[in-house]
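**Q** This is the structure I have questions about; it appears just below.
The values are calculated or read from the model by the stated rules, or taken from the named source; none is laboratory data. Remember, it's a predicted structure, so these values are computed and weren't measured experimentally. Every residue, glycine as well, gets a Cβ built from its backbone with ideal geometry; the counts of neighbours run over all protein chains shown.
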Amino acid sequence: WPRELHEIRKAPKDGYLLMQFSSTLIENSTDISTALRFLSKLHHLSKNKDPKLTKKITEQFFEFKKVYNSSQHFIETRGKIIIYNILLLIGEYILEEHRELIGNDLFSDTTWEYIRTACSYIAEHSSEDISQSEVASITGLSPFYFSKIFKEYTKMTFPVYLANIRVQNAINLLTNEKLTITECAFMAGFQSTTTFNKLFRDTTGCTPREYRKLHSNAKI
């Protein structure tokens, strides 16, 4: 998941293929970013459990490697298309898994469209002073029903979801060292630096200042 620490504890004897890419590829696609927020927990795909999906993703991985090492035109665009194909495969898998957990009665195409619309609006207006009632009205649902299905889908309340979005936006802003930490907090939508510092630490495990220092050291 973007900005979380990862490690390879035991590499197979025949090696491994590791793919890393900018999280902006996810953030720039509202429907994918909405679906992949369900990936905030660990997911392990194996040939035994998910043979068809694993095969398709593996094929895309090797296609990416082939494109990356080639001298074709539009390598960057070709690579992004492959990454989106992988994200699409994983996204559809996660949504189907989520459908089974939630139940077909609540998980419908119509309800998913409500959630997608809400998440899109939140992402676009997260730096503003928005409320759950406001977002509910955008979807055309009552605040009570919206709160119910939003929590069922995202596994978090609206305030927590909004705070997470703002923290992620602040993380992006912190990479710009021309901005002060306070400026990053307010530009991300926080109205209190105390709240910002607490939520940032709860989410990332470090303070905004520590994160900026780590990012600066990583560029050296």
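**Q** Failed condition for A11, given (1) at pLDDT 70 or above; (2) farther than 22 Å from W112 by Cβ; (3) not acidic (D, E), with all others met?
**A** Of (1) at pLDDT 70 or above; (2) farther than 22 Å from W112 by Cβ; (3) not acidic (D, E), only one is false for A11: (1).
**Q** Please determine, by comparing only the residues of region 66-80 that are of a type outside the set (V, I, T) and surrounded by 13 or more Cβ atoms within 10 Å (Cβ to Cβ), which one is nearest to L25 (Cα to Cα).
**A** Of the residues in region 66-80, the ones of a type outside the set (V, I, T) are 66, 68-74, 76, 78-80.
Checking which are surrounded by 13 or more Cβ atoms within 10 Å (Cβ to Cβ) leaves us with 68, 78-80.
Values: Y68: 17, R78: 13, G79: 11, K80: 8 Å.
This residue is K80.
**Q** Test S147 against the stated conditions and say whether it is over 15 Å from the mean Cα position of the chain (by Cα), farther than 30 Å from T58 by Cβ and surrounded by 13 or more Cβ atoms within 10 Å (Cβ to Cβ).
**A** Values: over 15 Å from the mean Cα position of the chain (by Cα): yes; farther than 30 Å from T58 by Cβ: yes; surrounded by 13 or more Cβ atoms within 10 Å (Cβ to Cβ): yes.
Against the criterion (over 15 Å from the mean Cα position of the chain (by Cα), farther than 30 Å from T58 by Cβ and surrounded by 13 or more Cβ atoms within 10 Å (Cβ to Cβ)), S147 qualifies.
**Q** So which residues in region 127-144 are without any contact (Cβ under 8 Å) to a residue 24 or more places away in the chain and of a type in the set (A, V, I, L, M)?
**A** Once the filter is applied, which keeps residues that are without any contact (Cβ under 8 Å) to a residue 24 or more places away in the chain and of a type in the set (A, V, I, L, M), region 127-144 yields V135, A136, I138.
**Q** Only one of K56, K52 is modelled with pLDDT of 75 or more and in contact with a Leu (Cβ under 7 Å, 6 or more places away or on another chain). Can you tell me which?
**A** Unique residue meeting the criteria: K56.
**Q** Of Y114, Y153, which residue is closer than 20 Å to D31 by Cα, under 16 Å from the mean Cα position of the chain (by Cα) and surrounded by 15 or more Cβ atoms within 10 Å (Cβ to Cβ)?
**A** Result of the check over Y114, Y153: Y153.
**Q** Starting from region 194-207, take each residue that is in a loop (DSSP other than H, G, I, E, B) and list its partners that are surrounded by 13 or more Cβ atoms within 10 Å (Cβ to Cβ), counting only C-beta distances under 6 angstrom and pairs at least six apart or across chains.
**A** T207/R201
**Q** Separate question: Count, please, the residues in region 43-63 that happen to be touching a residue at least 24 places away in the same chain (Cβ under 8 Å) and of a type outside the set (A, V, I, L, M, F, W, C).
**A** Of the residues in region 43-63, 4 are touching a residue at least 24 places away in the same chain (Cβ under 8 Å) and of a type outside the set (A, V, I, L, M, F, W, C).
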